[in-house]
Amino acid sequence: QVQLVESGGGLVQAGGSLRLSCAASGRTFSNYGMAWFRQAPGQEREFVVRISRSGSSTSAAPSVKGRFTISRDNAKNTVYLQMSSLKVEDTAVYYCAARLGTDLITKDGMDYWGKGTLVTVSS
């Protein structure tokens, strides 16, 4: 069982930056592929970024590529999402998710989800 707790959300102006953190419980954090998803009001949850179990491979959705960076610290059981050049359309609840034993990330395939943290970008 893994518990994921996100933090770092808040209100930021367009063009600003924000860093989200996701702290995971348990001693096998490095066995989990990790990802961030987001869900805007009235919309479906969507993939944002992912990182491999070792941290050597990452990928991002086209809408955030070049602006958002995911990283992880396996010694601290934490994954981060650095967001820059934020846009109003980035406003959403951001969720951290984990999948055991694979770097393959799909929305329906994740094993654990956090409760989310709200990011609001104002114009």
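The values are calculated or read from the model by the stated rules, or taken from the named source; none is laboratory data. These numbers were taken from a predicted model, which means no experiment stands behind them. Every residue, glycine among them, receives a Cβ derived from its backbone with ideal geometry; neighbour counts consider all protein chains shown. Just so you know, the surface numbers come from the protein's heavy atoms only, side chains and all, with ligands and any DNA or RNA stripped out. Shrake-Rupley method; radii C 1.70, N 1.55, O 1.52, S 1.80 Å.
Summing Lys, Arg as +1 and Asp, Glu as -1, what charge do residues with Cβ under 11 Å from the Cβ of V121 carry, V121 excluded? Taking every other residue near V121 into account, the sum is -1. Listed peptides 79-86, 63-70, 13-20 appear in the order 79-86, 63-70, 13-20 once ranked by packing, highest mean of other Cβ atoms within 10 Å at the front.
Using the Cβ of D108 as centre and a radius below 13 Å, the other residues enclosed give a net charge of 0, where K and R count +1 and D and E count -1. Just the protein heavy atoms count here, and of the accessible area of the range 11-121 at 1.4 Å, carbon and sulfur take up 47 percent. In the frame of its principal axes, the chain has Cα extents of 41, 27, 23 Å, reported largest first. Look at the Cα gyration tensor of the range 31-72: its axes a ≥ b ≥ c give a/c of at least 1.5 with a/b at or below b/c, and that counts as oblate. Couplings 3J(HN,Hα) of the range 38-48, computed from phi: 9, 9, 8, x, x, 10, 6, 5, 10, 5, 10 Hz, in residue order, whole Hz [Karplus 6.51 cos²θ - 1.76 cosθ + 1.60, θ = phi - 60°; x for Gly and Pro].
Note: relative contact order over the chain, using C-alpha pairs below 8 Å and six or more positions apart, is 36 percent.
Within the shell of other residues whose beta carbon sits under 11 angstrom from the beta carbon of F29, the net charge comes to +3, with Lys and Arg scored +1 and Asp and Glu -1. Cross-link partners for K87 among the aspartates and glutamates, with Cα-Cα distance under 20 Å and sequence neighbours closer than 8 places in the same chain left out: E44, E46.
With all protein chains kept in place, the per residue accessible area of the chain amounts to 51 square angstrom at a probe of 1.4 angstrom.
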